[in-house]
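As structure tokens, the structure follows; a few thoughts come after it.
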Number of protein chains: 2
Amino acid sequence: MWHLHQFTLCPFSRKLRFLMAEKGIVYELVRESPWDARDEFLHLNPAGMTPVLVAEDGSPPLADSQAICEYFEETVDQFPLISGSAFARAEIRRLVAWFDQIVYRDVVAPLLNERMIKRIVSRTSPDAGALRDAMRKANTHMDYMDYLLDHHSWMAGGTMSLADVAAAAHISVADYLGGIDWEGHRPTKRWYAGIKSRPSFRPLLAERMEVVTPPKYYDQPDF
Amino acid sequence: MWHLHQFTLCPFSRKLRFLMAEKGIVYELVRESPWDARDEFLHLNPAGMTPVLVAEDGSPPLADSQAICEYFEETVDQFPLISGSAFARAEIRRLVAWFDQIVYRDVVAPLLNERMIKRIVSRTSPDAGALRDAMRKANTHMDYMDYLLDHHSWMAGGTMSLADVAAAAHISVADYLGGIDWEGHRPTKRWYAGIKSRPSFRPLLAERMEVVTPPKYYDQPDF
């Protein structure tokens, strides 16, 4: 049994949990607040980030969501998420990096900071300008997702891949935090309705952070 | 022949160029300034980042340094850089992400911003506080590199891997920009002396950015 150190709204942990569920890998959750920078946690992962995955057999901990996803791609045959030609695999990994780095930096990280970290740590109000900026960038990035989904059924091609898993992880956190305006994004909305219906994704949508409440439609496949 | 869009002090392009040289893959350089955000470049890579690799045969461009490195790991047998057990491969990828994300964010990005971008774009002086902070963090991160190299000859184990390639790319850019104090970091210094001697790495050390001059010892294997 794996022990997964994470917190409810960590997009990188959601990416890993979605992949593990699709592959049928069981795990137990360990609640971690990386912003507390516990010594024991920094010892598990010097980068100070969730997710970290610890095996019961004393193997060294696995850290970094992409390194762990690649680990399961290599060791578990079920439901491959980085498949196809070398070019197709490069396109999947390019999009995963785009979601994990660009969408996270522009949209998810500022939303988490303004609407969650500030409430928990400094107990200050969110900066309206930073929120507006994150939502404006979310809209631009969703235009790009619409463009991708106008060309094929899934983010990186004709089949579901790790790019969809990463996209769903980041979009779901931004949506929880009220950062997504779905108006005018039909292709992405249709794609996300399909994601929301998956049994592997529903447990993520059922979880709540004590201090922050999501919009009413957040866990509804029909929204 | 590949066309590699990059600029001299881009650590992600250095990582890719170092890997391509070790694998014996030839390429031609195309100078790109991502901070100019040219439409043609954003069309090649919506993330707006170097490196981007374009084939002459009209194949879609490859973007994101890690996606491209994985592409060459899968398609070129020579000098494997992500090898060993699945756990060993996960450790290599964890460290690559640590250099590409944490060391880049804390050290390389602020140095590039203060010492290069400000000179080229806004023609303002570097912020002494930001430089001090980057150098302080560089020192902490080098303590961790010393720790890794106290346990094995290379960053991720007994053989050279993509973790060393990523480390060398980021350290060389930080060193060019005067951000590294080598005093007190014997294991990392010894490791870097070995990297500097490699024929695959020397062309990177020979290049100069017009507006910024590196320290005298920068390209000397004996420093």
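The values are calculated or read from the model by the stated rules, or taken from the named source; none is laboratory data. What you see is a predicted model; the values in this text were computed from it and never measured. Quick reminder, even Gly has a Cβ in these numbers, built from the backbone with ideal geometry, and neighbours come from all protein chains shown. When the accessible area is computed, the model is the full protein with side chains, heavy atoms only, and any ligands, DNA or RNA have been set aside. Shrake-Rupley method; radii C 1.70, N 1.55, O 1.52, S 1.80 Å.
If only one of A:Leu149, A:Leu177, A:Leu112, A:Leu162 is touching a Phe, Trp or Tyr at 6+ places or on another chain (Cβ under 7 Å) and crowded, with 18+ Cβ neighbours inside 10 Å, which one is it?
A:Leu149
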Among the candidates A:Val165, A:Val121, which residue alone is part of a helix (DSSP H, G or I) and modelled with pLDDT under 95? A:Val121
Out of A:Arg136, A:Arg105, A:Arg94, I need the residue that is more than 14 Å from every other protein chain (Cβ to nearest Cβ) and not β-branched (Val, Ile, Thr). Which one? A:Arg136
Quick check, is A:Asp100 out of contact with any Lys or Arg (no Cβ under 9 Å at 6 or more places or on another chain) and modelled with pLDDT of 95 or more? no
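A:Phe18 - would you say it is under 29 Å from A:Arg89 (Cβ atoms) and either of a type in the set (Val, Ile, Thr) or open to solvent by less than 20 Å² (accessible area, probe 1.4 Å) (or both)? Walk me through how you get there before you give the answer.
On the way: under 29 Å from A:Arg89 (Cβ atoms): yes; either of a type in the set (Val, Ile, Thr) or open to solvent by less than 20 Å² (accessible area, probe 1.4 Å) (or both): yes.
Considered against the rule, which asks whether it is under 29 Å from A:Arg89 (Cβ atoms) and either of a type in the set (Val, Ile, Thr) or open to solvent by less than 20 Å² (accessible area, probe 1.4 Å) (or both), A:Phe18 comes out as yes.
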Of all residues in segment A:57-79, how many are more than 18 Å from the chain's Cα centre (by Cα) and either of a type outside the set (Phe, Trp, Tyr) or surrounded by 23 or more Cβ atoms within 10 Å (Cβ to Cβ) (or both)? 10
If A:Ala134 passes every condition in (1) under 29 Å from A:Ser33 (Cβ atoms); (2) in contact (Cβ under 8 Å) with a residue 40 or more places away in the chain; (3) over 18 Å from the mean Cα position of the chain (by Cα) but one, which one does it miss? (3)
Which condition breaks for B:Met209 when tested against (1) more than 25 Å from B:Pro126 (Cα to Cα); (2) open to solvent by less than 40 Å² (accessible area, probe 1.4 Å); (3) of a type in the set (A, V, I, L, M, F, W, C); (4) modelled with pLDDT under 95? (1)
When residues of segment A:43-66 are limited to those that are in contact with a helix residue (DSSP H, G or I) (Cβ under 9 Å, 6 or more places away or on another chain) and in a helix (DSSP H, G or I), the one farthest from the other protein chains (Cβ to nearest Cβ): A:Ser65
Considering only residues that are facing another protein chain (nearest Cβ under 10 Å) and either in a helix (DSSP H, G or I) or free of Cβ contacts under 8 Å to residues at least 12 places away in the same chain (or both), which ones fall in segment A:67-87? A:Ala67, A:Ile68, A:Cys69, A:Glu70, A:Tyr71, A:Phe72, A:Glu73, A:Glu74, A:Thr75, A:Ser85, A:Ala86, A:Phe87
Would you check if there is a residue in segment B:137-145 being part of a helix (DSSP H, G or I) and polar (S, T, N, Q)? yes
What are the pairs, 6+ residues apart or on separate chains, where a residue within segment A:142-159 that is farther than 16 Å from A:Gly84 by Cβ and in contact (Cβ under 8 Å) with a residue 24 or more places away in the chain has its Cβ under 9 Å from a residue that is among the aromatic types (Phe, Trp, Tyr) and not in a loop (DSSP other than H, G, I, E, B)? A:Met145/A:Trp191; A:Leu149/A:Trp191
